[in-house]
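Asks: Supplied in structure tokens, the structure appears directly below.
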Amino acid sequence: MPTSSDFDPEAKEQQLRAESSAWDVSNPVPAEPEDIPVIDISTWIESGDDDDLAAIGAQVDRACETVGFFQLVGHTVPLELISEMFEMNRRFHELPLELKQTIRMDRPDWPVGGVGYLAMYSRKLPTRAKANLNEAFLVKGNRELGMDHSQWLPHDALPGFRDTVERYAVAVNDLALRLLPIYATALGLDADFFAPGFEHPSWRLRMTRYPPVPEQLEDDADFGIAPHVDTTFFTLLLQNAAGLTIYSHTRECWIQAPVVDGAFVVNSGELLKQWTNDRYLSVRHFANNDASESRYSIPFFYNAAADHPMACLPTCHGPGNPPKYPTISYEQSQAAAQGE
């Protein structure tokens, strides 16, 4: 069985970068109705019934094994709060660049990395040779970090901004915790199996603006977000307009993800792929910009506690299918690729 000393996070990141640069991302096609399942969890949220949980778990299992993405509806995040977040996302990015740069990410005089304003044409998150045509505001949390550790503009620069972001972070964290029993059930585990690993989850919230494609591009920026796979357990994404493109393993082509009003696009990442011994997909995807107007997205990247040891799940290995990955924590594996 592999051991943690066998796992080189830098080599893993280089492997992911090399693979993504080799993908042929030309000729994406519109999604067909069954390409990305729509999963409604409202019945189980309302009833708490084990049969309802089992039915939803079966849907999630199929989605994660065959697609790696699904549209989540019937969730617990209020639609009014989602609307507020998109409005605050738009208003933040309309602020003068000079003001946003006062809270720029990874500035030397701020002790926490990976939070604050990420300017246009960055080569971070994901790290790639070419720049990304987007700008973003990011906050994160874990066992040690709370909202006060992120960077914030003065209240009078954008009244209500921090309050909205904090309320949304609480709501989407609550939703993520509600999804854990579904994933456990999908994998044939006790419903509370994942609970110990997520008592102090590691998460990152990103509010992104993809501007219209300019006539003159800087730094050979080919994408809003370059092709990549997420390094997460799962990602909960809100998007206000089409632009997300994913690779369909079933159809063996790139497909353009539709927008479902009020839905989260949920995808599994490398952490869950490894934890399930490659049973679940970690799907290739990228984002493009609209030609005429800005589009906005709000992904929430969710992981187990940074130091939680993730041994191959008991239902994902056996005779003839030994564990492919060592027992390893987020901080030993994917955290390095996220600049933690």
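Each reported figure results from applying straightforward, stated rules to the coordinates on display, with no laboratory input. A quick note: this is a predicted structure, and the numbers were derived from the prediction, not measured. Note: ideal-geometry Cβ built from the backbone for every residue, glycine included; neighbour counts use all protein chains shown.
Asks: Restricting to segment 124-156, count the residues that are free of Cβ contacts under 8 Å to residues at least 60 places away in the same chain, among the charged types (D, E, K, R), farther than 17 Å from residue 306 by Cα and assigned to a loop (DSSP other than H, G, I, E, B).
Replies: Final tally of qualifying residues: 0.
Asks: Separate question: Of the conditions (1) free of Cβ contacts under 8 Å to residues at least 60 places away in the same chain; (2) more than 26 Å from residue 117 (Cβ to Cβ), residue 239 clears all except one; give me its number.
Replies: Of the numbered conditions (1) free of Cβ contacts under 8 Å to residues at least 60 places away in the same chain; (2) more than 26 Å from residue 117 (Cβ to Cβ), the odd one out for residue 239 is (2).
Asks: May I pose another question? Among the residues of segment 271-281, write down those that are crowded, with 22+ Cβ neighbours inside 10 Å and either within 20 Å of residue 172 (Cβ to Cβ) or of a type outside the set (Lys, Arg) (or both).
Replies: 271, 272, 274, 275, 276, 280, 281
Asks: Are any residues in segment 172-186 buried (at least 17 other Cβ atoms within 10 Å of the Cβ) and aliphatic (A, V, I, L, M), and if so, which ones?
Replies: Residues satisfying the conditions are 172, 175, 176, 179, 180, 182, 184, 186.
Asks: Which numbered condition in (1) of a type outside the set (Asp, Glu); (2) without any contact (Cβ under 8 Å) to a residue 24 or more places away in the chain; (3) within 28 Å of residue 140 (Cα to Cα) is the only one that residue 60 fails?
Replies: Evaluating residue 60 over (1) of a type outside the set (Asp, Glu); (2) without any contact (Cβ under 8 Å) to a residue 24 or more places away in the chain; (3) within 28 Å of residue 140 (Cα to Cα) leaves (2) as the failure.
Asks: Do the conditions hold for residue 102, that is, is it among the hydroxyl-bearing types (Ser, Thr, Tyr) and touching a residue at least 60 places away in the same chain (Cβ under 8 Å)?
Replies: In short, no.
Asks: Scan 117, 121 and give me the residue that is at positive phi and surrounded by 14 or more Cβ atoms within 10 Å (Cβ to Cβ).
Replies: 121
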